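Chemist: Dumping the structure here so I can ask a few things about it.
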Amino acid sequence: MTNRLFLKFPAKAENVQVARVAVATFAASGEFTLGDVEDIKIAVQEAVSNAVLHAYGNGTGEVEVEATLDGRGDLTVIVRDNGKGIDDLKRAREPGFSTLEEHMGLGFSFMEAFMDSLWVESSPGRGTTVRMLKKRCP
Amino acid sequence: MHLTFHKTPWFLGARVTGDLDLSTAGEFKEKVDSEIRKTGLLNLILNLKGVGFIDSTGIAAILGRYKNVSALGGKMVLIDVPERISAMLDLAGMGSLIPRFRDLEEALAAMGLGEKMGEKTGEVRPVD
Ligand SMILES: Nc1ncnc2c1ncn2[C@@H]1O[C@H](COP(=O)(O)OP(=O)(O)O)[C@@H](O)[C@H]1O
Ligand SMILES: [Mg+2]
């Protein structure tokens, strides 16, 4: 059995919590521990926060979040924006790297730490896609 | 996010409950900074027991308060830190930077304030 959740919303700070709660509730319908669901919440929060904070500068844009529970029971979350993209992805993923003041550059580190796999694709001027996998509990 | 403050002559106690994240970190910063300014207290004891959710923006806000307090010559410690938040602070490389204690008594003892508090009130549980 597979299941899928799709969200699309304007890149506004107040929507970050909505997305994280929706994906966490969706994940809770699968075979995940409470700790796993907390991990997923943090990872979704970070990925969606990045789309809101970094993708569109002071302008507006849309964020898409797609969560899928596959036949194995694993959860994939994709967070996509059509914003400015990331020039140097390797550098952006380093812990402590941030282009905003008062930010610590921990978002990618947290996504990596709390999920089982993380892929990031980005093309400058076109946008960024973050894909994260959380395996069902064995 | 909800913040309550407790003032003593030697430190400012602050208890945070709820979400400390992108949508609340700004308010957290503002309220803590203004309370420090208003009271002139330099030592901050932050109780994190009731924090249900924290993200990297919330972690950055805590570190920012630590930097402010330190720059003013004060001390900041954390008490009653939930395990998950502890793990996130470690991931953030703040493992040894901001001292963490199990409870207020331990924090006061480590800050050299335990005796003063005892003398004054005979009771050491104001931010609990
Ligand atoms: N969706 C995005 N669009 C554009 N830039 C991004 C995006 N996500 C991340 N970045 C870039 O990567 C950097 C590191 O991100 P992150 O690790 O989450 O740290 P922080 O958000 O604290 O800056 C950001 O400062 C930003 O420059
Ligand atoms: Mg981030």
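The values are calculated or read from the model by the stated rules, or taken from the named source; none is laboratory data. Predicted model only: the values in this text are computed from it and were never measured. Counting neighbours? That spans all protein chains shown, and the Cβs are built from the backbone with ideal geometry, glycine included. With ligands, DNA and RNA removed, areas are computed over all heavy atoms of the protein, side chains included. Shrake-Rupley method; radii C 1.70, N 1.55, O 1.52, S 1.80 Å.
Chemist: Tell me the residue from A:Lys90, A:Lys84, A:Lys41 that is free of Cβ contacts under 8 Å to residues at least 24 places away in the same chain and either among the hydrophobic types (A, V, I, L, M, F, W, C) or farther than 24 Å from A:Lys135 by Cα (or both), please. Steps first, please.
Modeler: Details: A:Lys84 fails: free of Cβ contacts under 8 Å to residues at least 24 places away in the same chain; A:Lys41 fails: either among the hydrophobic types (A, V, I, L, M, F, W, C) or farther than 24 Å from A:Lys135 by Cα (or both).
After applying the criteria, what remains is A:Lys90.
Chemist: Starting from residues that are surrounded by fewer than 15 Cβ atoms within 10 Å (Cβ to Cβ) and not hydroxyl-bearing (Ser, Thr, Tyr), keep the ones in the stretch B:18-49 and report whichever is nearest to the chain's Cα centre (by Cα). Walk me through how you get there before you give the answer.
Modeler: Of the residues in the stretch B:18-49, the ones surrounded by fewer than 15 Cβ atoms within 10 Å (Cβ to Cβ) are B:18, B:26-27, B:30, B:33-34, B:37-40.
From what is left, the residues that are not hydroxyl-bearing (Ser, Thr, Tyr) are B:18, B:26-27, B:30, B:33, B:37-38, B:40.
Numbers: B:Gly18: 15, B:Gly26: 16, B:Glu27: 15, B:Glu30: 14, B:Asp33: 12, B:Arg37: 15, B:Lys38: 17, B:Gly40: 16 Å.
Across the stretch B:18-49, the extreme among qualifying residues is B:Asp33.
Chemist: Now for a different question. Residues to consider are B:Arg65, B:Arg84, B:Arg15; find the one that is within 11 Å of the chain's Cα centre (by Cα), within 14 Å of another protein chain (Cβ to nearest Cβ) and either at pLDDT 95 or above or within 16 Å of ligand 2 (Cβ to nearest atom) (or both). Full working, then the answer.
Modeler: Numbers: B:Arg84 fails: within 11 Å of the chain's Cα centre (by Cα); B:Arg15 fails: within 14 Å of another protein chain (Cβ to nearest Cβ).
After ruling out the rest, the residue left standing is B:Arg65.
Chemist: Identify all residues within the stretch A:64-87 that are assigned to a strand (DSSP E or B), open to solvent by less than 20 Å² (accessible area, probe 1.4 Å) and more than 9 Å from ligand 1 (Cβ to nearest atom); write none if there are none. I'd like the intermediate steps shown before the answer.
Modeler: Step one: filter the stretch A:64-87 for residues assigned to a strand (DSSP E or B), giving A:64-69, A:75-81.
With open to solvent by less than 20 Å² (accessible area, probe 1.4 Å) added as a condition, the list becomes A:65, A:67, A:69, A:75, A:77, A:79, A:81.
Once the filter is applied, which keeps residues that are assigned to a strand (DSSP E or B), open to solvent by less than 20 Å² (accessible area, probe 1.4 Å) and more than 9 Å from ligand 1 (Cβ to nearest atom), the stretch A:64-87 yields A:Val65, A:Ala67, A:Leu69, A:Leu75, A:Val77.
Chemist: Something else about it: When you check A:Phe108 against the structure, is it within 14 Å of chain B (Cβ to nearest Cβ), open to solvent by 10 Å² or more (accessible area, probe 1.4 Å), more than 11 Å from ligand 1 (Cβ to nearest atom) and at pLDDT 95 or above, yes or no? Spell out the reasoning first.
Modeler: Working: within 14 Å of chain B (Cβ to nearest Cβ): yes; open to solvent by 10 Å² or more (accessible area, probe 1.4 Å): yes; more than 11 Å from ligand 1 (Cβ to nearest atom): no; at pLDDT 95 or above: yes.
In short, no.
Chemist: For B:Met117, indicate whether it is assigned to a helix (DSSP H, G or I), modelled with pLDDT under 95 and open to solvent by less than 20 Å² (accessible area, probe 1.4 Å). Talk me through it step by step, then tell me what you get.
Modeler: Numbers: assigned to a helix (DSSP H, G or I): yes; modelled with pLDDT under 95: yes; open to solvent by less than 20 Å² (accessible area, probe 1.4 Å): yes.
So B:Met117 fits the description; yes.
Chemist: Any idea which residue in the stretch B:50-60 is nearest to ligand 1 (Cβ to nearest atom), counting only those that are open to solvent by less than 20 Å² (accessible area, probe 1.4 Å) and outside any helix (DSSP H, G or I)?
Modeler: The qualifying residue nearest to ligand 1 (Cβ to nearest atom) is B:Asp55.
Chemist: In this structure, is A:Val52 surrounded by 22 or more Cβ atoms within 10 Å (Cβ to Cβ), free of Cβ contacts under 8 Å to residues at least 60 places away in the same chain and more than 12 Å from chain B (Cβ to nearest Cβ)?
Modeler: Details: surrounded by 22 or more Cβ atoms within 10 Å (Cβ to Cβ): yes; free of Cβ contacts under 8 Å to residues at least 60 places away in the same chain: yes; more than 12 Å from chain B (Cβ to nearest Cβ): no.
When the stated conditions are applied, A:Val52 does not pass them.
Chemist: Looking at A:Lys41, A:Lys8, A:Lys12, A:Lys90, which one is within 17 Å of A:Cys137 (Cβ to Cβ) and either open to solvent by 20 Å² or more (accessible area, probe 1.4 Å) or away from ligand 2 (no atom under 16 Å from the Cβ) (or both)? Outline the logic, then answer.
Modeler: Working: A:Lys8 fails: within 17 Å of A:Cys137 (Cβ to Cβ); A:Lys12 fails: within 17 Å of A:Cys137 (Cβ to Cβ); A:Lys90 fails: within 17 Å of A:Cys137 (Cβ to Cβ).
Exactly one of A:Lys41, A:Lys8, A:Lys12, A:Lys90 is within 17 Å of A:Cys137 (Cβ to Cβ) and either open to solvent by 20 Å² or more (accessible area, probe 1.4 Å) or away from ligand 2 (no atom under 16 Å from the Cβ) (or both), namely A:Lys41.
Chemist: Only one of these conditions is not met by B:Ser23: (1) more than 16 Å from ligand 2 (Cβ to nearest atom); (2) within 19 Å of A:Ala51 (Cβ to Cβ). Which number is it?
Modeler: Condition (1) is where B:Ser23 drops out.
Chemist: Now, a different point. If you scan the stretch A:16-37, which residues turn out to be more than 13 Å from the chain's Cα centre (by Cα) and touching a residue at least 12 places away in the same chain (Cβ under 8 Å)?
Modeler: Answer for the stretch A:16-37, where residues must be more than 13 Å from the chain's Cα centre (by Cα) and touching a residue at least 12 places away in the same chain (Cβ under 8 Å): A:Phe26, A:Ala27, A:Ser29, A:Gly30, A:Glu31, A:Phe32, A:Thr33, A:Asp36, A:Val37.
Chemist: Based on this model, can you work out whether A:Leu34 counts as open to solvent by 40 Å² or more (accessible area, probe 1.4 Å), more than 16 Å from ligand 1 (Cβ to nearest atom) and within 14 Å of another protein chain (Cβ to nearest Cβ)? Please lay out each step first, then the result.
Modeler: Working: open to solvent by 40 Å² or more (accessible area, probe 1.4 Å): yes; more than 16 Å from ligand 1 (Cβ to nearest atom): yes; within 14 Å of another protein chain (Cβ to nearest Cβ): yes.
Yes; evaluated as a whole, the condition is true for this residue.
Chemist: Now a separate question. A:Thr68 is checked against (1) under 12 Å from the mean Cα position of the chain (by Cα); (2) touching a residue at least 60 places away in the same chain (Cβ under 8 Å) and fails just one. What number does that condition carry?
Modeler: All conditions pass for A:Thr68, except number (1).
Chemist: Then there's this: Would you pick out the residues in the stretch B:84-99 that are assigned to a loop (DSSP other than H, G, I, E, B) and either buried (at least 16 other Cβ atoms within 10 Å of the Cβ) or touching a residue at least 40 places away in the same chain (Cβ under 8 Å) (or both)?
Modeler: From the stretch B:84-99, those assigned to a loop (DSSP other than H, G, I, E, B) are B:92-99; that's our starting set.
Listed by number, the residues that qualify are B:Ala92, B:Met94, B:Ile98.
Chemist: Limited to the stretch B:1-49, what total is found for residues that are polar (S, T, N, Q), over 17 Å from B:Ala60 (Cβ atoms) and not in a helix (DSSP H, G or I)?
Modeler: Here is the first cut: in the stretch B:1-49, the ones polar (S, T, N, Q) are B:4, B:8, B:17, B:23-24, B:34, B:39, B:43, B:47.
With the extra rule that they be over 17 Å from B:Ala60 (Cβ atoms), the set shrinks to B:4, B:8, B:17, B:34, B:39, B:43, B:47.
Applying the additional criterion that residues be not in a helix (DSSP H, G or I) yields B:4, B:8, B:17, B:43, B:47.
So the answer is 5.
Chemist: Is it the case, given these coordinates, that A:Ala113 is within 14 Å of chain B (Cβ to nearest Cβ), of a type in the set (Gly, Ala, Ser), under 18 Å from A:Arg20 (Cα atoms) and without any contact (Cβ under 8 Å) to a residue 12 or more places away in the chain?
Modeler: Working: within 14 Å of chain B (Cβ to nearest Cβ): yes; of a type in the set (Gly, Ala, Ser): yes; under 18 Å from A:Arg20 (Cα atoms): yes; without any contact (Cβ under 8 Å) to a residue 12 or more places away in the chain: yes.
Judged against the criteria, A:Ala113 is a match.
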